[in-house]
Amino acid sequence: MNTRLNKIFVGSLAVCAALASCSDFLEIKSQSEIVLEDFWNEKADVDNVVAGCYSALQGDGVMRRMMVWGEFRSENVMAGQNINNDINLENVLKENITAINAYTTWDGFYNIINRCNTVIKYAPQVAGRDPGYTQSELMATIAEVSALRDLCYFYLIRTFRDVPYSTAAFTDDDQTMDLPATPFNAVLDSLIQNLEQVQAQAVRRYPETKPLYQTGRITQDAIHAMLCEMYLWKQDYNSCIRYADMVIDSKKALAEERNRQGGQSYDQHANKARFNGYPLVNGAIITNYYGNTYNQIFVEGNSQETIFELLFDKSSAGNGMLANSAAGAFYGNASVLKGLVGPSTTLVEDISKTSKRTIFDDRNKKVDARLYENVNGTAEAISKFVYNAITINATQPDRVEANYGNKYGHARINNADHYYNSSSWVIYRLTDIMLLKAEALCQLMREGSDTETSDYNAPLLAEAFSLVNAVNKRSVCEATLTDTLVASDYLTKAQMEELVLRERQRELMFEGKRWYDLVRRSLRDGNTQVLSQAAQKRDGVNGTFLQNFFQKMDAIFWPYNNDELKVNKNLRQNPSFGSGENSSYQKS
């Protein structure tokens, strides 16, 4: 937070103009300037600014950073087509990150943070003026924007570690903006404390008449998912599990309710047995054809297992709505064979093999649909978020074929790129939470092989395995099947921990999760061994350089942008990217 950002809400508000009906809340884009002192009179004014928070979160600059920060330093990706058009991205992929790299800027996130803080400041006075704005609605608004603000801070601390932190609204030029960085753990504790305070006031469930609200806006489930992950980073594993169970139980209750009403449920098509009782989207469309998981979650959106997602334009062009242009540019579109990034050589080789795969390993014994949902092996390109449909033909036991729909469109108009990608960007879904819980269960296990330790670990191992196995089985290309993973292969804490980390990579590939998973593992271990080994598999990077570079824990985070350092003299550069020494070498 610094003087570069002090024009965000000083004297005026950039807000979204409301459309004709409340159901259009998530489809707002156009903005107008409204003078601050003439604003904040009625509930509609608050709703417009809240809509602006979501619109800003969907913005191309924020979306690109969610992807780059959370994924592109991992071994999942390598340079793709026309990478020379984005030298900053090319340098990220080469681990040649400096303080002048454009992807080190964070103003989009602080923009949203300040919008949210401004709502929290002014919404109570609106409730005092507008009798139609009830106290419960006010508290729900505060819970919603608090969670959006905290989500932005969560991205920032996972990326930069220590960041300027404030819950004050900056609306006056006279306010002090040059804040020093608050330590990672202090920010994390504050985020958790705030979410604990507001969770009960958040909307539990939106009406069935507004289906996109349920996954496209913050709900209690979304806040519980955030708390689940934040407690995992805090290494409070019992609290992580407690909030994971809240999300899982809520999703089960919703599935059972819809089943009673005659809708789709996880009890149908033997889903309950296949998924160990968890209400996941069924991967099968008809016998031996797979891909419904991809289509429901990423193409149609608002799936039964989605918790919180960013929803994008569903039409091809012409209505001025936001499209998922970040996915179109980075991963691919109809105009190119592959996007600015592509799948790593390791992934491409996994696709081409018939056995001895590294990531989608042979213990599955069956074909994993995610092989094809993530990567188009023929084109050696990323397929997730690129195609408007993916199904897998497994009618022949010895032959599997991926059927790809059309790529989302792209056009060059007036020397500007226009992407018509409507794929949903999922921030939290049920399988993510299940695997976070499995990770927490691993950390509750004890080291050792004696009888007492084995007896203590047995129920934790069993529950963790059930969670991972349910996620894994959903992707196996058979209509009916028994367990594909074998529990007896994972009898120690280390074995189960590795299984969970690998399953998260398979399930959440290209969703902005992998690098953060590796960072969290490094912080927990006190060293970068796992992260460094993964990073050294990246294409186009010298392995010896990376091994030496990641000797310091500082290196797993990003540098502050040079422009921020110029205007905020209270910031101190990450030592791995600037001058100076510190004591953050990893533990031996």
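Here is a yes/no grid of residues against (1) touching a Lys or Arg at 6+ places or on another chain (Cβ under 9 Å); (2) touching a residue at least 40 places away in the same chain (Cβ under 8 Å):
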residue	(1), (2)
Thr167	yes, yes
Thr171	yes, yes
Met177	yes, yes
Pro180	yes, yes
Ala186	no, no
Ser190	no, no
Leu195	no, yes
Gln199	no, yes
Pro207	no, no
Legend entry - Residue among Thr159, Thr118, Thr215, Thr219 that is in contact with a Ser or Thr (Cβ under 6 Å, 6 or more places away or on another chain), open to solvent by less than 10 Å² (accessible area, probe 1.4 Å) and not acidic (Asp, Glu): Thr215
Legend entry - Near pairs, Cβ below 6 angstrom, 6+ apart or cross-chain, from the stretch 535-562 (under 23 Å from Gly342 (Cβ atoms)) to any residue that is among the polar types (S, T, N, Q) and open to solvent by less than 20 Å² (accessible area, probe 1.4 Å): Asp539/Ser344; Trp558/Thr104; Trp558/Thr159
Legend entry - Single residue of Ser449, Ser454, Ser424 found to be among the hydroxyl-bearing types (Ser, Thr, Tyr) and more than 30 Å from Asp525 (Cα to Cα): Ser424
Inset, instruction - For Asn457, work out the one condition from (1) part of a helix (DSSP H, G or I); (2) open to solvent by 20 Å² or more (accessible area, probe 1.4 Å) it doesn't fulfil. - result: (2)
Legend entry - Cross-chain or 6+ apart pairs with Cβ under 8 Å, the stretch 330-354 first and without any contact (Cβ under 8 Å) to a residue 40 or more places away in the chain, then assigned to a loop (DSSP other than H, G, I, E, B) and open to solvent by less than 30 Å² (accessible area, probe 1.4 Å): Val348/Gly377; Asp350/Ile359; Asp350/Phe360; Ile351/Gly377; Ser352/Gly377
Inset, instruction - Among what's in the stretch 404-452 and is in a strand (DSSP E or B) and among the charged types (D, E, K, R), pick the residue that is nearest to the chain's Cα centre (by Cα). - result: Arg429
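Here is a yes/no grid of residues against (1) open to solvent by 20 Å² or more (accessible area, probe 1.4 Å); (2) farther than 14 Å from Ala329 by Cα:
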residue	(1), (2)
Met63	no, no
Glu75	no, yes
Ala79	yes, no
Asn91	yes, yes
Ile97	no, yes
Asp107	yes, yes
Inset, instruction - Output the residue which, of all residues in the stretch 231-258 that are among the hydroxyl-bearing types (Ser, Thr, Tyr) and out of contact with any His (no Cβ under 8 Å at 6 or more places or on another chain), is nearest to Phe154 (Cα to Cα). - result: Tyr231
Inset, instruction - Residue by residue through the stretch 176-215, note down the ones that are of a type outside the set (Ser, Thr, Tyr), within 22 Å of the chain's Cα centre (by Cα) and at pLDDT below 95. - result: Arg205, Pro211, Leu212, Gln214
Legend entry - Yes/no for Ala244 being in contact with a helix residue (DSSP H, G or I) (Cβ under 8 Å, 6 or more places away or on another chain), modelled with pLDDT of 95 or more and within 27 Å of Ser422 (Cβ to Cβ): no
Legend entry - Residues located in the stretch 184-198, provided they are surrounded by 21 or more Cβ atoms within 10 Å (Cβ to Cβ) and closer than 29 Å to Glu463 by Cβ: Leu191, Leu195
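The values are calculated or read from the model by the stated rules, or taken from the named source; none is laboratory data. Here the structure is a predicted model, which is why all the values come from computation and not from measurement. Heads up, the Cβs are rebuilt from the backbone with ideal geometry, glycines too, and the neighbour counts pull from every protein chain shown. Just the protein is used for accessible areas: all its heavy atoms, side chains included, with ligands, DNA and RNA removed. Shrake-Rupley method; radii C 1.70, N 1.55, O 1.52, S 1.80 Å.
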